[in-house]
Every structure is written in C-alpha cells, then in structure tokens.
Amino acid sequence: MNRTSRMVDVLVIGAGPAGLALAAGLAGAGAGRVEVLEREREAGGVPRHCHHGGFGGFVRPWLTGPVYARRSTEAAVAAGAAVRTGVTATGWAGPLSLETTSPAGLERITARAVVLATGARERPRSARLVPGSRPAGVLTTGELQQSVHLYGQEVGRRAVVVGAEPVARHAVRTLRRAGAEVVAVVTERPRGTVLPGVALLTATTVTELRGRGRLSGVAVRHQDGRSGWLACDTVVFTGDWIPDHELARRGGITLDPGTRGPAVDACFRTSAPGVFAVGNALHGIEPAAAAASEGAAAAAAVRAQLSGAPWPDPGPRLLVRPPLVWVAPNRITGTAGRPLLLRSGEPLTAPVVTAHQDGRLLWRRRLPGRVSPSRSLRLPPGWTARVDRAGGPVVLGIA
C-alpha cells in the first residue's frame with residue numbers, strides 16, 4: 001500500500017481533554033495547521049463513556065462526561081483545529097515525523113511541533129499478576145463503562161469491584177445502573193470510601209480468579225491471614241492508572257520512573273526537541289479539568305517552539321522519596337509558572353514537604369489537612385527559582 005506524506009504545523013496525538021484544549025488554544029491563536037489524531041471513532045477521550053456528572057472543573061452547572069467531551073471537541077473545531085478520528089499513530093519516521101494508519105490508508109505526517117496527549121489507562125488483570133483462569137466477566141472500569149454506556153451490553157448479575165479510589169464509586173454506580181448487585185469493594189489499603197449499601201473489605205487482596213467460561217468467584221486474603229471466597233460473575237479492576245506511553249517509548253523519549261510517563265519540564269517539553277507531552281500521558285489519572293488545564297497551559301510553549309525559541313538543556317531531575325511516589329513536572333529548566341503535582345502512596349496528615357538539592361534546603365512547608373493517595377497535592381512553584389541549573393537532582397520528601 002502506498003504511503004502519502006504531508007506537513008502540518010502542530011500534530012497532537014490524542015483527542016482527550018488535554019489534546020483538545022491545547023488544539024483549541026493553538027488554532028485560536030493562529031498557530032497554523034493544527035491537527036489532532038484520535039484512534040477511537042469519536043473524539044473526547046475517557047469522558048465520552050463517563051455518564052456521571054462533575055465534569056467542567058469549577059464551571060457550574062457541572063456536565064456529564066459525554067456532554068463535556070462533545071463541547072471540548074466542538075471548541076477545538078470551532079477554533080480551526082482539524083480533528084481526525086479513527087487514525088492511529090503507529091511509529092516514528094524521524095524526530096518530528098509520525099507514521100499513521102486509518103481506513104483511508106497510510107500516511108507520514110511531519111510537523112514543526114508534536115504533542116503527545118495519549119492519556120492513561122487502567123492496568124488490566126494480567127498486568128496486576130492476579131492468577132487464575134481466564135473467564136469472561138473480568139473488566140477494567142473503562143471497559144465496564146464502554147460496555148454499559150456505549151454499547152448497552154449486559155455485564156453480569158453479581159460483581160466485585162477491586163480498588164477504593166474515587167473511580168471505584170463510579171464503577172459501582174455503573175454496575176447498579178446495568179442491574180448488577182455489587183457484592184463487595186475490595187482494597188489493599190487500610191481504609192476507603194464507597195457508596196452506601198456496599199460491603200467494603202479493606203486490607204484485602206484478590207488472590208485468584210475462578211471459573212470456566214464465565215467467572216464464578218474470586219478468592220481473597222486479608223492482611224491478618226484470613227482468606228475467603230466471594231461468589232460473583234463479574235469483577236472490575238479499578239484505578240492503578242499508567243500513562244499510555246508506548247508511542248513515547250518508541251520515539252526514544254525519556255520516561256520518568258515515578259510517573260511512568262514522559263519526563264517533562266514546567267513547559268511540557270520532553271527530552272526530544274520539538275516534542276511536548278500533556279495531560280494524563282504524563283502522570284496517570286487526574287480529573288478531566290486538570291488535564292485540559294495542562295493542555296491549555298502548554299499552548300504558549302508550543303507557540304514559542306514555532307517561533308524558533310531554543311530547546312533548553314534537560315536541567316536537573318526532580319525526584320521523590322517514599323512515601324511520595326511521583327511529581328510532575330520532573331525536570332527543572334527554569335522557574336515553574338504553575339503548581340507542581342505531587343502524589344503520595346499512603347495517607348498523610350498535615351505533612352511537611354521539603355525540597356533539597358546537593359544537601360541544600362530549597363523549600364519547606366507544612367501542608368494543611370489530610371492527603372489521600374488518590375488525590376494530588378499542588379505545590380507552589382516559586383521555590384523552583386532557587387534551583388541550581390548546573391547542580392544535581394532536586395529531591396522532594398516528607399520531613
């Protein structure tokens with residue numbers, strides 16, 4: 001099959017909240033030909049199949065996911081961006097060239113700037129190393145929501161939900177909407193919150209899936225050594241988000257070990273000159289409004305690239321110590337203009353967060369309230385001005 005080649009000014013991979021917000025900002029500012037590629041049949045990203053409310057950030061009234069996705073797509077198109085669905089970026093043909101495939105055929109698209117807005121996904125059962133047979137009825141939250149909301153499929157009668165992050169509550173609501181009884185929510189964490197009327201098993205692990213043809217139940221083990229059996233025909237694995245980073249890896253772009261997404265500076269620049277990354281492609285799941293805010297904020301840096309601004313050296317790495325698990329951005333090339341996102345792996349109360357470089361204290365502050373592993377802290381950016389750009393890594397920790 002012949003492959004066609006063409007040029008654009010900005011190529012955005014992924015038409016979720018971050019990619020669409022960035023495309024709208026760039027096209028509206030006259031950045032030239034801004035093209036967004038989406039491998040799904042419809043643009044909008046994960047919100048397309050999240051029928052609960054709460055989308056739109058602080059803008060009231062809140063929107064359901066499909067309405068939010070449609071409005072985001074319409075805004076990008078109205079600004080002048082070209083949004084193409086059913087197009088998959090399969091690999092790199094050069095530093096700023098991508099090979100794509102679609103029903104229309106093969107293309108090689110070269111851009112003056114490339115933006116990875118590929119989003120994140122939940123790790124499936126196989127990646128979580130849960131042993132057992134391979135019966136039907138084993139889903140992630142995304143698969144559940146697509147089955148119910150997009151395709152109207154039945155998902156079972158008795159379900160177990162694994163995980164107690166906020167997304168688990170959405171899974172419970174979706175299962176109930178589909179007519180399933182939720183037997184229990186199981187989490188390895190010492191505490192969690194779910195909807196009334198649902199049993200919550202904390203400090204508990206799913207150790208095996210059983211069933212031939214269709215799931216018949218899951219084996220569980222509590223941290224105190226007790227074990228048990230939950231009869232069910234559906235299990236939904238929620239949370240445990242990982243950036244969709246395959247395209248970045250194939251392009252040789254440096255990944256951050258904490259976020260598992262592309263390492264970026266505060267202007268969303270990756271290790272590859274001319275390539276940016278935004279939204280949940282950087283750090284796993286954040287609310288749609290937060291991802292869209294990152295996309296909108298990246299527009300200024302992309303415009304600077306188009307105008308010929310030099311690509312900076314990577315700068316010092318920004319690392320974390322346990323119980324912290326990741327920070328974004330994670331490279332320091334200048335004073336950050338936006339809050340840094342910081343995630344803890346365990347609950348904390350009024351933690352004192354510190355930043356050190358080469359043994360020198362750069363910043364220290366007590367943050368009020370409780371910190372949940374399912375919510376990010378937002379650190380003020382001003383202290384990054386004190387980082388020695390020629391120094392060693394900057395380490396964030398809990399005092």
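Throughout, read-outs are computed from the coordinates displayed, never taken from laboratory work. Keep in mind that what you see is a predicted model, and the values were worked out from it rather than measured. No Cβ is skipped: glycine too gets one built from the backbone with ideal geometry, and neighbour counts run over all protein chains shown.
Remarks
- Distance between region 300-327 and region 9-84 - C-alpha centres, whole angstrom: 24
- The residues packed around THR141, meaning those with a beta-carbon under 13 Å from its beta-carbon, carry a net charge of +1 if Lys and Arg are +1 and Asp and Glu are -1.
- Across the chain, the convex hull enclosing all Cα atoms gives 155 Å³ per residue.
- If you bin all the Cα-Cα distances of region 177-227 at 5 Å, starting from zero, the percentages per bin are 5, 17, 23, 23, 18, 10, 3.
- Long-range amide H partners of VAL371 with built H, under 5 Å: LEU348, THR349, ALA350
- Sequence-distant residues sharing a close amide H with VAL115 (under 5 Å, placed H): LEU11, VAL12, ILE13, PHE276
- Taking ALA297, ALA199, ALA171 in turn, the Gaussian network model of the chain (Cα-Cα springs below 10 Å) assigns the largest fluctuation to ALA199.
- MRE, 222 nm, helices only [DSSP H, n ≥ 4, -39500 (n - 2.57), over the chain, to nearest 500]: -5000 deg cm²/dmol
- DSSP-defined beta bridges in the chain - what % are antiparallel, rounded to 5: 55
- Part-to-part distance (alpha-carbon centres) for region 348-390 and region 219-263, which is given in Å: 26
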